[in-house]
1. Please return the longest range in the chain lying between exposed loop sites, taking chymotrypsin sites (Phe, Trp or Tyr not before Pro), DSSP loop only, at most 14 other beta-carbon atoms within 10 Å, and leaving the sites out.
2. Could you state the accessible area per residue of the chain in Å², with a 1.4 Å probe and every protein chain left in place?
3. From the protein chains alone at 1.4 Å, what is the descending order of accessible area for Met138, Met1, Met75, largest first?
4. Provide the solvent-accessible area of Ser37, counting protein heavy atoms only and rolling a 1.4 Å probe, rounded to the nearest 10 Å².
5. Not counting ligands, DNA or RNA, and with a 1.4 Å probe, what is Leu17's accessible surface area in Å² rounded to the nearest 10?
6. With the cut-off at 18 Å, tell me which of the pairs Lys7/Lys116; Lys34/Lys140; Lys7/Lys52; Lys12/Lys52 have Cα atoms farther apart than that.
7. Using Cα atoms only, what is the angle between the long axis of helix 129-151 and the major principal axis of the chain, expressed in degrees (0 to 90) to the nearest 10?
8. Using a 1.4 angstrom probe and counting only protein chains, how large is the accessible area of Lys7 in Å², to 10?
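The values are calculated or read from the model by the stated rules, or taken from the named source; none is laboratory data. Being a predicted model, the structure only gives us computed values, none of them experimental. Cβ: placed from backbone, ideal geometry, glycine included. Neighbour counts: every protein chain shown. To get the accessible areas, we keep the full protein, side chains included, count just its heavy atoms, and leave off ligands, DNA and RNA. Shrake-Rupley method; radii C 1.70, N 1.55, O 1.52, S 1.80 Å.
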Amino acid sequence: MPIHIVKELYGKQTEVLIQKYADRTLILVTQMGKVGSLIQASVPTATPFPSKPLFESSDPVLPEPPVAIALTPLMGTALDERSRTMTEIYVSQIATLFWCFNPGIRSPVVVGLALKREHQSEEEDETSEEDHLLFREMMKMIGEAIAQSTEA
């Protein structure tokens, strides 16, 4: 059974949908009501992961994505280099969270990502404090959805 969570994060309605299949898991994260770019994350079966993170604190410690993670774009493309980098960071962290909550599973995770982008000047390559806070809140929300999917 799919898991669907909707929350408002920093004024943006954010949806997470998780659907498990026999050979992979689909995790959609959208602020735009559409699938967005689809990227598959995979790791070798012997890749170790820490235990699931605890989200009780206001600043949870997220598990570090493994060096061996492979990201394969399936559909969609980033508009620029910064968008591509941010997408890879989000997808790597989302897949890592899934594998931490599901220690016996190393099947690929397909992530659909459609996030609203704030308008930035071309010189603005740095991430803002709001970007960091949004990332953490989004990972907390996704972690809650993944935790629910392991119970279902």
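1. On the way: sites that count: Tyr10, Tyr21.
Of all site-free stretches, the longest is 22-152.
2. 57 Å²
3. So, going from the largest accessible area down, we get Met1, Met75, Met138.
4. 30 Å²
5. 50 Å²
6. Working: Lys7/Lys116 14 Å; Lys34/Lys140 21 Å; Lys7/Lys52 22 Å; Lys12/Lys52 27 Å.
Cα-Cα > 18 Å for Lys34/Lys140; Lys7/Lys52; Lys12/Lys52; rest within.
7. Tilt of helix 129-151: around 20 degrees.
8. Result for Lys7: roughly 80 Å² accessible.
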